[in-house]
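Here is the structure we will look at.
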Amino acid sequence: MMNTFISGERQYGFVSKFNYVREAGTCGEQRAAETILQELKKENSDAQIRTEKFSFFAPQIKRSFFEVTAPYHKVYEACTFGFCANTDENGLEADFVYLENADDINMKQANGKIVMLNNYMSRTMLEKLVKAGALGFVSFSGTPIDTGKKRLPTSKNLGQSKTLAEIPGTCIHFVDAAEIVEKGALRVRMICEQTLVEKTSQNICARIEGSDKSDDILTVTAHYDSVPQGPGAYDNMAGCAIVMELFLYFCEHKPRRTIDFVFFGAEETGMHGSKEYVNSLTKKEKDNIVLMINIDSILAGDNLYLYGGRINDKGVVKDVEAVNKAFEIAKKANLPMQL
């Protein structure tokens, strides 16, 4: 009965096996999937273990360039924003404007310009820029205190699509963005070139059937892929270690309800794995899911952060009863928790 208790030492050993980049659709992610599968199968249990392979599209960046041409000249390190339109080989040059937010008044300044917007860039936000007549956009990443490799812009993507968006976009570092605004940039030029390639990923699922309430399904999930910039120990292999540890525990302690332990692939590129998992379920299984616990970004600080809700026809809404129960459990365990 070696798995009777939850083991932090065993979790640390699990995380140590994944000290490499696991970007979605790469051999690194495939290697991680095979390791997780081996770990699940080492436990001689009656758990139903399966993989769910799926394909998705990802941007392959070929050229990225960004410069201020007036009233001063400087070239800045840039990264083409994934799934955005390409410029021609000479790039796109236009007047520049910085907008603090995307309200209607600010958006009136976007027409015919390349826009730097202090908002999270999504497809919805891009549609607002297109409607306002923007020719392109500049996003930014990082913090004012970044140094070394962190001083480089981080690659970003719009939501998943099989086609490129209407206008080009690029990403620069926060420090450079601040300089551009402070120096009063009026005109900029950007070059963006990318193609979309189809890639393959997979979920790894282990189901332990419940005893007397087996129709009810609990799901415990975490993603195992990482961003291109690093191996992601806390985001999110530490979360996977917890899922694995819970799997080992319930292999020896038969649950009353059925539990799905799911390791998602390709989450960082648009939550492809979780969508694939939902699509793989039968209607009865979907109707019978009574609780889903997703574990992400563990070890990111001294507090646990809870995002609790109930799914209905309007999406995910806050479930006060469930949230209060979670806080009650955390308090008994002397764990600080915040919403």
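Assorted remarks:
- Residue 119 meets each of the listed conditions (1) in contact (Cβ under 8 Å) with a residue 12 or more places away in the chain; (2) open to solvent by less than 50 Å² (accessible area, probe 1.4 Å); (3) more than 13 Å from residue 170 (Cβ to Cβ); (4) not in a strand (DSSP E or B) apart from (2).
- Residue within the stretch 14-24 that is touching a residue at least 12 places away in the same chain (Cβ under 8 Å) and in contact with a strand residue (DSSP E or B) (Cβ under 8 Å, 6 or more places away or on another chain) present: yes
- Among the residues here, residue 127 does not qualify as part of a loop (DSSP other than H, G, I, E, B), under 30 Å from residue 55 (Cβ atoms), among the acidic types (Asp, Glu) and out of contact with any Phe, Trp or Tyr (no Cβ under 9 Å at 6 or more places or on another chain).
- Scan of the stretch 146-173 for residues that are at pLDDT 95 or above and among the aliphatic types (A, V, I, L, M), ordered by number: 167, 172
- For the stretch 35-55, the criterion of being in a helix (DSSP H, G or I), of a type in the set (S, T, N, Q) and more than 30 Å from residue 179 (Cβ to Cβ) is met by at least one residue.
- Residue within the stretch 187-207 that is touching a residue at least 24 places away in the same chain (Cβ under 8 Å), under 16 Å from residue 58 (Cα atoms), open to solvent by 70 Å² or more (accessible area, probe 1.4 Å) and not β-branched (Val, Ile, Thr) present: yes
- Residue list for the stretch 44-71, filter: open to solvent by less than 40 Å² (accessible area, probe 1.4 Å), among the charged types (D, E, K, R) and closer than 26 Å to residue 262 by Cα: 52
- Residue list for the stretch 18-32, filter: surrounded by fewer than 21 Cβ atoms within 10 Å (Cβ to Cβ) and assigned to a helix (DSSP H, G or I): 27, 28, 30, 31
- Counting only residues that are within 25 Å of residue 58 (Cβ to Cβ) and either polar (S, T, N, Q) or open to solvent by less than 10 Å² (accessible area, probe 1.4 Å) (or both), the stretch 135-164 holds 12 of them.
- If you check 210, 148 for being among the small types (Gly, Ala, Ser) and either under 29 Å from residue 27 (Cα atoms) or in contact with a helix residue (DSSP H, G or I) (Cβ under 9 Å, 6 or more places away or on another chain) (or both), only one passes: 148.
- Selection from the stretch 234-285 of residues that are more than 25 Å from residue 161 (Cβ to Cβ), part of a helix (DSSP H, G or I), open to solvent by 20 Å² or more (accessible area, probe 1.4 Å) and of a type in the set (D, E, K, R): 252, 283, 284, 285
- A count restricted to the stretch 72-89 and to residues that are assigned to a strand (DSSP E or B), open to solvent by less than 40 Å² (accessible area, probe 1.4 Å) and out of contact with any helix residue (DSSP H, G or I) (no Cβ under 6 Å at 6 or more places or on another chain) stands at 3.
- In summary, residue 323 fulfils each of the numbered conditions (1) open to solvent by less than 50 Å² (accessible area, probe 1.4 Å); (2) at pLDDT 95 or above with the single exception of condition (2).
- Which numbered condition residue 64 misses (of (1) outside any helix (DSSP H, G or I); (2) in contact with a Gly (Cβ under 9 Å, 6 or more places away or on another chain)): (2)
- Any pair with Cβ under 6 angstrom, 6 or more apart, that starts in the stretch 292-309 at a residue that is closer than 21 Å to residue 244 by Cβ and modelled with pLDDT of 70 or more and ends at one that is surrounded by 14 or more Cβ atoms within 10 Å (Cβ to Cβ) and among the polar types (S, T, N, Q): 292/219; 294/221; 296/236
- Of all residues in the stretch 165-183 being of a type in the set (A, V, I, L, M, F, W, C) and part of a helix (DSSP H, G or I), the one that is surrounded by the fewest Cβ atoms within 10 Å (Cβ to Cβ): 178
- Filtered by the rule that a residue be under 24 Å from the mean Cα position of the chain (by Cα) and charged (D, E, K, R), the stretch 166-193 gives 166, 193.
- Qualifying residue in the stretch 71-79 (condition: in contact with a Cys (Cβ under 7 Å, 6 or more places away or on another chain) and hydrophobic (A, V, I, L, M, F, W, C)): yes
The values are calculated or read from the model by the stated rules, or taken from the named source; none is laboratory data. Treat the numbers as computed from the prediction; the structure is a model and nothing was measured. With ideal geometry, Cβ positions are generated from the backbone for all residues, glycine too; neighbour counts draw on all protein chains shown. Please note that ligands, DNA and RNA were not included when accessible areas were found on the heavy atoms of the full protein model with its side chains. Shrake-Rupley method; radii C 1.70, N 1.55, O 1.52, S 1.80 Å.
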